[in-house]
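Engineer: Quick one: this structure, given as structure tokens, is what I'll be asking you about.
The values are calculated or read from the model by the stated rules, or taken from the named source; none is laboratory data. Only a predicted model underlies this, so the values are computations on that prediction, with no experimental measurement involved. Here the Cβ positions follow ideal geometry from the backbone for every residue, glycine too, while neighbour counts run over all protein chains shown.
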């Protein structure tokens, strides 16, 4: 089998395709080689194409965020680059078992009914009935 030697046109094509986000697993068959060969012979072009495209997008995003009055771009930039995060409010739901009497708690244990269900029945005024 003849050894593969990439041409300058192939190098340019690989770099351009990688810059457009096409995976090297799709670029290789287009060039007529397998993926191992593509990584071996076009590694620099693949990396440069991706990096240069990312730099262009980052520059455009930066300009939109700082000059274009694009709030969404500014927020995205701050989340991606400055560590901003959405505020997540956590509200624990606690059943106040302290308000149950000893007899009510013992009944819960004896019957195997969930404390929450018993508590809800007490609050609803149906403490003597068993809920579903």
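Engineer: Which residues, taken from segment 1-25, are part of a helix (DSSP H, G or I) and surrounded by fewer than 12 Cβ atoms within 10 Å (Cβ to Cβ)?
Structural biologist: 8, 9, 25
Engineer: Considering segment 33-61 alone, what residues qualify as being in contact with a helix residue (DSSP H, G or I) (Cβ under 7 Å, 6 or more places away or on another chain), free of Cβ contacts under 8 Å to residues at least 24 places away in the same chain and assigned to a helix (DSSP H, G or I)?
Structural biologist: 35, 39, 61 - these are the residues of segment 33-61 that are in contact with a helix residue (DSSP H, G or I) (Cβ under 7 Å, 6 or more places away or on another chain), free of Cβ contacts under 8 Å to residues at least 24 places away in the same chain and assigned to a helix (DSSP H, G or I).
Engineer: Give me the residue from segment 119-132 that is at pLDDT 70 or above and touching a helix residue (DSSP H, G or I) at 6+ places or on another chain (Cβ under 8 Å) and, out of that set, surrounded by the fewest Cβ atoms within 10 Å (Cβ to Cβ). Write out each step before concluding.
Structural biologist: Going through segment 119-132, the residues at pLDDT 70 or above turn out to be 119-124.
Checking which are touching a helix residue (DSSP H, G or I) at 6+ places or on another chain (Cβ under 8 Å) leaves us with 119, 122.
Numbers: 119: 18, 122: 15.
Among those that are at pLDDT 70 or above and touching a helix residue (DSSP H, G or I) at 6+ places or on another chain (Cβ under 8 Å), it is 122.
Engineer: Quick check on residue 87: is it more than 30 Å from residue 117 (Cβ to Cβ) and under 27 Å from the mean Cα position of the chain (by Cα)?
Structural biologist: yes
Engineer: Considering only segment 33-55, state which residues are surrounded by 16 or more Cβ atoms within 10 Å (Cβ to Cβ), under 25 Å from the mean Cα position of the chain (by Cα) and farther than 13 Å from residue 20 by Cβ.
Structural biologist: none
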